[in-house]
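**Student:** Before anything else, here's the structure in question.
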Amino acid sequence: MPNSCSSSLIIVENLSKQYQLSEPAVLKSVSFTVEKGSFVSLMGPSGCGKSTLLHLLGALDTPTSGTVRVNGAVISAFSEAELALFRQQQLGFVFQFFNLLPTLSVLENVSLPLLLNGVSNHQAHAVAMDWLGKVGLSHRAKAAPPQLSGGEQQRAAVVRALIHKPFLVLADEPTGNLDSASGEAVMTILKELAFAQGTSIIMATHSEELARQTDRLLRLRDGVLVQDEPLKPLHTEVLA
Ligand SMILES: Nc1ncnc2c1ncn2[C@@H]1O[C@H](COP(=O)(O)OP(=O)(O)O)[C@@H](O)[C@H]1O
Ligand SMILES: [Mg+2]
């Protein structure tokens, strides 16, 4: 496997995105790397290109130029079949508005990534119940998502993003629609569950406070990466 000796999970090189020829590029030659298991925050004013960057990293859109390598593979070169597998096995998403399927129960929602990856119904529900317990939602397993508070829905969405042990979770303003206490709770479970299994996270946020809890800060301004700096040595909390 290419790059297997490197600890870089993601290598972004000269990534640009221009939606319309008549408009300026939304991302301008952005380059950075993300280490395996690290938690990276992505900041910058509304419209600076955060969501666009997350979409390119998740292969939900294609770059105008430049490359995104995940585990050595250039994702824009994937075939449809490779892309489907990449999303199903290696990625998780958390969105601002939760995006749980309203007609399925919370348990069914968080079991889905396991079922899509071939885990039996019985086993998927057992694992999902265990994870719902970890985030304090055992008693909500049978409920439909709209019956839950925003914070509860987002905790379920975090479980859904991580339960199949992806390499990478992309979170687009996951606390943007929550009060600060619920946002903190979501941040804590995102951090702890991802760290426990070595999943990398890239999280767009407007909160300096939440960003300060991550390993690394990327800041965009008008599509240009203007800051890329470590915030603390990786995972000091385990060594302390
Ligand atoms: N699908 C699209 N087509 C055209 N322009 C878009 C599209 N998506 C985003 N944009 C534009 O790209 C710029 C960056 O948007 P976005 O990545 O959503 O920024 P952020 O997430 O930082 O608020 C904005 O000017 C937005 O209007
Ligand atoms: Mg956005």
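**Student:** Can you compute the helix-only [θ] at 222 nm over the chain? Use -39500 (n - 2.57) per DSSP H run of at least 4 residues, normalise by all residues, nearest 500 deg cm²/dmol.
**Tutor:** Result for the chain: -10500 deg cm²/dmol, rounded to the nearest 500.
**Student:** Let me ask another. Amide H of Val169 versus every other amide H placed in the peptide plane: which residues, excluding those fewer than 5 positions away on the same chain, fall under 5 Å?
**Tutor:** Amide H neighbours of Val169: Gly92, Ser200, Ile201, Ile202.
**Student:** Also, I was wondering about something else. At what distance in angstrom do the alpha carbon centres of segment 132-157 and segment 189-216 lie from each other?
**Tutor:** 20
**Student:** May I pose another question? Work out from phi, with θ = phi - 60° and the Karplus expression 6.51 cos²θ - 1.76 cosθ + 1.60, the ³J(HN,Hα) of each residue of segment 199-215, listed in order in whole Hz, and give x for Gly and Pro.
**Tutor:** Each residue of segment 199-215 in turn: 7, 7, 10, 10, 10, 6, 8, 9, 9, 4, 5, 5, 4, 5, 7, 9, 7 Hz.
**Student:** Please report Rg (one decimal) and Dmax (integer) in Å for the Cα set of the chain.
**Tutor:** Spelled out, the Cα radius of gyration and Dmax of the chain are 17.6, 53 Å.
**Student:** Moving on to the next point. Step through the residues of segment 12-25 one at a time and calculate ³J(HN,Hα) from phi using the Karplus curve (6.51 cos²θ - 1.76 cosθ + 1.60, θ = phi - 60°), rounding each to whole Hz and writing x for Gly and Pro.
**Tutor:** 9, 10, 6, 7, 10, 9, 10, 6, 10, 4, 6, 10, x, 4
**Student:** Quick one: helix 180-197 against the long Cα principal axis of the chain, what's the angle to the nearest 10°, folded into 0 to 90?
**Tutor:** Value to nearest ten degrees: 80.
**Student:** Okay, moving on. What does the net charge come to around Val34 if you take all other residues with beta carbon closer than 11 Å to its beta carbon, with K and R at +1 and D and E at -1?
**Tutor:** Around Val34, the surrounding residues sum to 0.
**Student:** Give me the accessible area per residue for segment 8-239, probe 1.4 Å, as a whole number in Å².
**Tutor:** 45
**Student:** Please report how far the C-alpha centroid of segment 10-44 lies from that of segment 49-64, rounded to the nearest whole angstrom.
**Tutor:** Segment 10-44 and segment 49-64 have Cα centres spaced 8 Å from each other.
**Student:** Could you tally the net charge around Val74, taking each other residue with its Cβ under 12 Å from the Cβ of Val74, Lys/Arg +1 and Asp/Glu -1?
**Tutor:** On the way: positive: Arg69; negative: Glu13, Glu82.
Here the count lands on -1.
**Student:** Using a Gaussian network for the chain with springs between C-alpha atoms less than 10 Å apart, which of these wobbles most: Ala204, Ala77, Ala157?
**Tutor:** Comparing Ala204, Ala77, Ala157 in a Gaussian network model of the chain, the most mobile one is Ala77.
**Student:** Roughly what angle does helix 150-162 make with the longest principal axis of the chain, taking Cα atoms, 0 to 90 degrees, to the nearest 10?
**Tutor:** With rounding to tens, the tilt is 70 degrees.
**Student:** Right, next: Give the long-range amide H neighbours of Arg221: residues separated by 5 or more places, or on another chain, with amide H under 5 Å away, using H modelled in the peptide plane at 1.01 Å from N.
**Tutor:** When sequence neighbours closer than 5 places are left aside, the close amide H contacts are Val226.
**Student:** Among the aspartates and glutamates, select those whose C-alpha is under 13 Å from the C-alpha of Lys191, and discard any that sit fewer than 8 residues away in the same chain.
**Tutor:** Lys191 reaches Asp215, Glu237.
**Student:** Taking only Cα atoms and a 10 Å spring cutoff, compute GNM fluctuations for the chain and point out the largest among Ser46, Ser16, Ser207.
**Tutor:** With Cα springs under 10 Å in the chain, the top fluctuation among Ser46, Ser16, Ser207 is at Ser46.
**Student:** Further question: At a 1.4 Å probe, what is the % contribution of carbon and sulfur to the accessible area of the chain?
**Tutor:** On the way: 6030 of 11090 Å².
Roughly 54 percent, rounded to a whole number.
**Student:** If you don't mind, there's one more thing I want to ask. Averaging sequence separations of C-alpha pairs under 8 Å and six or more residues apart, then dividing by the length of segment 145-240, give the relative contact order as a whole percent.
**Tutor:** Normalised by residue count, the contact order of segment 145-240 is 23 percent.
**Student:** Obtain the nm distance between the two label points defined at Glu184 and Gln227 by a simple spin-label model: each point lies 7 Å from its Cα along the Cα-to-C-beta direction.
**Tutor:** With each label point 7 Å from Cα toward Cβ, the separation is 2.2 nm.
The values are calculated or read from the model by the stated rules, or taken from the named source; none is laboratory data. Just so we're clear, the structure is a prediction, and the values are computed from it rather than from any experiment. Note that each Cβ is placed from the backbone with ideal geometry, even for glycine, and that neighbours are counted across all protein chains shown. The protein model used for the area step is the full one, side chains on, heavy atoms only, and it has no ligands, DNA or RNA in it. Shrake-Rupley method; radii C 1.70, N 1.55, O 1.52, S 1.80 Å.
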